[in-house]
Amino acid sequence: MENNEPKNQLAAELAESQDIVSRAKANSKLILGLSVFILVVIVAIFIWFFVAKSGSHKADEAAGRADIAQNDSIALVLYKEAATKGYKSGNRAKVEAAIRLYQAGQYQEALDYLKDASIGDKVIAAGTYTLMGDCYSNLNQYAEAAKAYGKAISKADKNPVVVPIILVKQANVYRELKDYQAEYKALNTLMEDYPQFVQTSQTDFRKYFERAKAAAGK
């Protein structure tokens, strides 16, 4: 029997993230202020669901010790150790390490781990690229952030839960780059392809869309 609990949990957690967007909507750096929430949810649910049971025994063992560590600092050390083992569990450990490094504000080191990870599942890869975009954004490398978000959107394959959030992140970094045409395009895709997300969100995305439209001369 198919287990839908991880997917249902993901949808519920992402719905809660709209409160974060709502509280930040007055800020011109709306999405740059968002946490690593989307990746934490995707990795915590999907990576464990799909690949935690695979890979070499040593990689599994090392990652397993990190999974049960009660202290984040200890978990980070253990995930870094597991990341050297290779195989799927080693790749998972790289992403888990990157999450903790991101949360600690060590964005460049987090990027290094993410770039070295090889993730096959599309949804997991979408989350990985999203975190890369968040790292680049916090390093003020907005052009690279936009590219990472673009790859995340491609990997997400029109997932109605994940793609809208990434589109808003991407639109915001385009605004930082003063690329208003690209900002408008991203928000236009959000408005046209994901109306349910727009309608149920507590954020007035129409306002940001109209602002981008005017800036782009549309």
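Considering the range 111-125 alone, what residues qualify as being modelled with pLDDT under 90, in a helix (DSSP H, G or I) and out of contact with any Lys or Arg (no Cβ under 7 Å at 6 or more places or on another chain)?
Of everything in the range 111-125, those that are modelled with pLDDT under 90, in a helix (DSSP H, G or I) and out of contact with any Lys or Arg (no Cβ under 7 Å at 6 or more places or on another chain) turn out to be 123, 124.
Every residue, every condition in (1) in a helix (DSSP H, G or I); (2) touching a residue at least 24 places away in the same chain (Cβ under 8 Å); (3) of a type outside the set (Val, Ile, Thr), yes or no:
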{"site": "153", "(1), (2), (3)": "yes, yes, no"}
{"site": "169", "(1), (2), (3)": "yes, yes, yes"}
{"site": "175", "(1), (2), (3)": "yes, yes, yes"}
{"site": "190", "(1), (2), (3)": "yes, yes, yes"}
{"site": "214", "(1), (2), (3)": "yes, no, yes"}
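Any chance you could count how many residues in the range 172-189 are hydrophobic (A, V, I, L, M, F, W, C), surrounded by 24 or more Cβ atoms within 10 Å (Cβ to Cβ) and out of contact with any Ser or Thr (no Cβ under 9 Å at 6 or more places or on another chain)?
Residues that pass the stated criteria total 2.
Can you name the number of the only condition in (1) surrounded by fewer than 18 Cβ atoms within 10 Å (Cβ to Cβ); (2) under 26 Å from residue 113 (Cβ atoms); (3) of a type outside the set (Phe, Trp, Tyr) that residue 153 fails?
Unmet condition: (1).
Please work out which one of (1) buried (at least 16 other Cβ atoms within 10 Å of the Cβ); (2) at pLDDT 90 or above is the condition residue 108 fails and give its number.
(1) is the only condition that residue 108 fails.
Pairs, please: C-beta under 8 Å, at least 6 apart or cross-chain, first residue without any contact (Cβ under 8 Å) to a residue 24 or more places away in the chain and in the range 89-109, second in a loop (DSSP other than H, G, I, E, B)?
94/117
The values are calculated or read from the model by the stated rules, or taken from the named source; none is laboratory data. Bear in mind that the values here come from a model prediction, so they are computed numbers and not experimental data. Neighbour counts run over all protein chains shown; Cβ positions are idealised from the backbone, glycine included.
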